């Protein structure tokens, strides 16, 4: 797909980017970073729905990079769940639409194995980023 995975940012607090337990990997929330620059903005205030969708896709790319710190991506057998925190104004109701950026990308990458459960909520996200996305994935034993 021509996508280069970024370096996983060093955590800014007492957590790790990804953790394996059994055949599951839990990925900490990833924020949208493009060419080393943290994206900023709030849906319904100063970014569009399309920009928010792109932000969740960038978060999903960050999740893949975090998975890769534990195992090669070809060992992923299922994307179990994707959860999104969408930085949006209180009156904005497009959080689910914004998360389609992440969901559509993951299904494009993994096909049927990429189909997942999902939640999305509107929140105030740290660092004024448009989104934070985290995942649970299943891998081969």
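The values are calculated or read from the model by the stated rules, or taken from the named source; none is laboratory data. All values derive from a computational prediction rather than experimental measurement. With ideal geometry, Cβ positions are generated from the backbone for all residues, glycine too; neighbour counts draw on all protein chains shown.
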| note | Residue pairs qualifying under the 9 Å Cβ cut-off, at least six apart or on distinct chains, with the first in segment 6-24 being at positive phi and at pLDDT 95 or above and the second being surrounded by fewer than 13 Cβ atoms within 10 Å (Cβ to Cβ) and in a loop (DSSP other than H, G, I, E, B), are 22/141
| task | Please indicate, with yes or no, whether at least one residue in segment 27-49 is surrounded by fewer than 18 Cβ atoms within 10 Å (Cβ to Cβ) and assigned to a helix (DSSP H, G or I). | result | yes
| said: Testing residue 73 on (1) surrounded by fewer than 15 Cβ atoms within 10 Å (Cβ to Cβ); (2) out of contact with any helix residue (DSSP H, G or I) (no Cβ under 7 Å at 6 or more places or on another chain), one condition comes back false. Which one is that? | reply: (2)
| field | Boolean, residue 131 is over 23 Å from residue 72 (Cα atoms), crowded, with 18+ Cβ neighbours inside 10 Å and at pLDDT 95 or above | value | yes
| remark: Note on segment 87-98: residues surrounded by fewer than 24 Cβ atoms within 10 Å (Cβ to Cβ) and part of a helix (DSSP H, G or I) are 95, 96, 97
| said: Being touching a strand residue (DSSP E or B) at 6+ places or on another chain (Cβ under 7 Å) and outside any loop (DSSP other than H, G, I, E, B) is true for just one of 60, 65. Which residue is that? | reply: 60
| One residue from 111, 84, 101 being buried (at least 22 other Cβ atoms within 10 Å of the Cβ), part of a helix (DSSP H, G or I) and either touching a strand residue (DSSP E or B) at 6+ places or on another chain (Cβ under 9 Å) or at pLDDT 95 or above (or both) | 101
| message | under 22 Å from residue 107 (Cα atoms), crowded, with 16+ Cβ neighbours inside 10 Å and either modelled with pLDDT under 95 or in contact with a helix residue (DSSP H, G or I) (Cβ under 7 Å, 6 or more places away or on another chain) (or both): is that true of residue 64 in this structure? | response | yes
